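Asks: Provided herewith is a single structure, encoded as structure tokens, for subsequent inquiry.
Quick note: the coordinates plus some simple rules give every number you see, no bench work behind them. Computed from a predicted structure; not experimentally measured. Note: ideal-geometry Cβ built from the backbone for every residue, glycine included; neighbour counts use all protein chains shown.
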Amino acid sequence: MVGLTKPVKPTPTESPATGRALTEPAQTEAPTGSPDPGSTAATAALTEALAAEYAAIFAYGPIGVKLDDELAEAAREAEAAHRARRDALILAFAADGVDPPAAEASYALPFEVTGAADALRLAVLVEERVAAVWRAALAASDGTTRAEALDALVDAALRAAGWRAAAGAAPATVPFPGTV
């Protein structure tokens with residue numbers, strides 16, 4: 001998954017980088033050994049994670065404006081967390097001498113956000129899809145990169161649980177976060 005939402009360009013259904021549908025979680029084959037964090041598989045997984053973070057940042061704009069007070073603040077905090085992950089990934093790519101991909105110019109949301117219920121549903125979807133991308137990154141990484149991917153997966157799972165609870169969904173947690 002390059003993003004949580006379909007980009008307005010270049011096609012409405014596929015990622016220009018991977019050709020996969022943008023609303024599907026990224027799938028990474030399990031490696032046969034312990035891959036190097038700078039390996040092609042790790043770089044590809046982290047590129048997918050960066051794209052998911054870009055899309056999450058975009059999605060929190062429409063989410064936040066449909067929520068009131070405390071939930072709007074939670075949306076701002078979630079967006080800030082995704083911005084921090086994005087920035088860390090960009091710095092990691094730069095440190096490895098890899099040019100990070102740029103964000104899409106715009107994203108189309110998977111459904112119209114007309115009120116708080118839609119905003120909460122989108123927030124859950126955003127975090128579930130981000131968790132799925134980071135879960136896939138676990139298989140392609142090791143060492144510090146793997147620990148960072150696990151932290152990102154846990155953070156997204158916790159935010160998704162918080163959004164489910166705010167929406168009144170039961171149960172608020174899922175048994176295996178990141179398996180959209």
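Asks: Tell me, in nm to one decimal, what length is gained between residue 65 and residue 114 on full extension, where the rule is 0.36 nm per residue of separation less the Cα-Cα distance?
Replies: Extra length from residue 65 to residue 114 when fully extended: 16.6 nm.
Asks: Non-local amide H neighbours of residue 107 (under 5 Å, H modeled in plane, Pro and chain starts lacking H): which ones?
Replies: Sorted by chain and number, the residues that satisfy this are 8.
Asks: Give me the distance in nm between label points sitting 7 Å out from Cα along the Cα-to-Cβ direction at residue 180 and residue 105, one decimal.
Replies: Taking the simple label geometry, residue 180 and residue 105 are separated by 2.4 nm.
Asks: Let me ask something else. Calculate the FRET efficiency for residue 170 and residue 72 from the Cβ-Cβ distance with a Förster distance of 30 Å, rounded to the nearest 0.05.
Replies: Values: r = 23 Å, r/R0 = 0.78.
FRET efficiency, residue 170 to residue 72: 0.80.
Asks: Suppose the chain between residue 80 and residue 94 were pulled fully straight at 0.36 nm per residue; how much longer would it get relative to their current alpha carbon spacing?
Replies: Computed gain between residue 80 and residue 94 is 2.9 nm.
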